[in-house]
């Protein structure tokens, strides 16, 4: 007899529900997040268990890895794509766990990608780099605003990065100087942290064939290419370029009826890190590619700079899909022709 297990995972505990091939509930129990305890309760069902479904929460690594190491067939459920009957009045963790198992039995489970364990820590390291880059940008913009507001001049981001702590006392007095020196100190600290992360990642992983071609795109250097490679994993998991573009948040999430916007569809079912990477690539492409700059200016004239940047990021995203899939270099004339 085949059985299916669903695990509704939370930060400190989980609920395990097991059903058979007729949807009969065989076992259900709440457990602490302790791998040996989880393994002990499902061990009696190991021979009959065809699949174990785990909800993709922020803390799934330990459970998926542990179960796979013990030979279980594990599937990661995509919670943002799972739909339940809207007429239900009550659901709980017990109901959710059996529902996960039920969907897998019917082969209608929306699955998430189980990222390879050996590259997961490097991917997460580059995700932290993104966080530090955003914090650095926030401090640069804040200092720029303070300088413009109090001195009536505007310094570029490049000039801000070159400032030293003692420059603050020459520009401002008292509290403003104290505030500026703190901004400068944070920016320098984040610069050092970002460079250290980049060195560490480059020392451990190199661009694979196909992904190395990403560097032929104006605006994508080694670090952005590594970020894209580590976030994408296997490009073959995206059947079409539209699926990849949607996953990278490069297309709008809208629900249209009779030519009118009726709301938004699921805008969480995607990768925010790839979205950031392609916006960064678009911003750099505007500097280094004349054709990209022309495209951006045309879009900006019709709408605004935000829409223009997203439109350019979508074109770069779609081009990169074929580059990664077919292992071909970037063709600017083909993209903007």
Handout entry: Added length on full extension, which subtracts the Cα-Cα distance from 0.36 nm per residue, residue 283 to residue 165
Key = 39.6 nm
Handout entry: Part-to-part distance (alpha-carbon centres) for the stretch 169-191 and the stretch 106-120, which is given in Å
Key = 46 Å
Fill in the blank from the handout: Labelled set [x] 62, 58, 39; [y] 76, 47, 31; [z] 75, 52, 44; Cα extents along the principal axes in Å computed from this model equals the value at [z]
Exercise for the section: Return the FRET efficiency for the residue pair residue 111, residue 150: r is the Cβ-Cβ distance, R0 is 56 Å, and the value is rounded to the nearest 0.05. Expected result: 0.55
Handout entry: Label-point separation, residue 174 to residue 21 (7 Å along Cα→Cβ), nm
Key = 8.2 nm
Practice task
Pull up the DSSP beta bridges for the chain and report the antiparallel fraction as a percent, rounded to 5.
Solution key: 65 percent
Completion exercise
So for R0 = 30 Å, FRET eff. of residue 131-residue 243 from the Cβ-Cβ r, to 0.05, ends up at 0.65
Handout entry: For the stretch 212-336: Kirkwood Rh in Å [reciprocal of mean 1/r, alpha carbons]
Key = 15.0 Å
Fill in the blank from the handout: Expressed as a whole-number percentage, the relative contact order of the chain with C-alpha contacts under 8 angstrom and at least six residues apart is 13 percent
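The numbers here are math on the coordinates, done by the rules we state, and not lab data. Computed from a predicted model, the values in this text were never measured in an experiment. Positions of Cβ are generated from backbone atoms using ideal geometry, with glycine treated the same way; all protein chains shown enter the neighbour counts.
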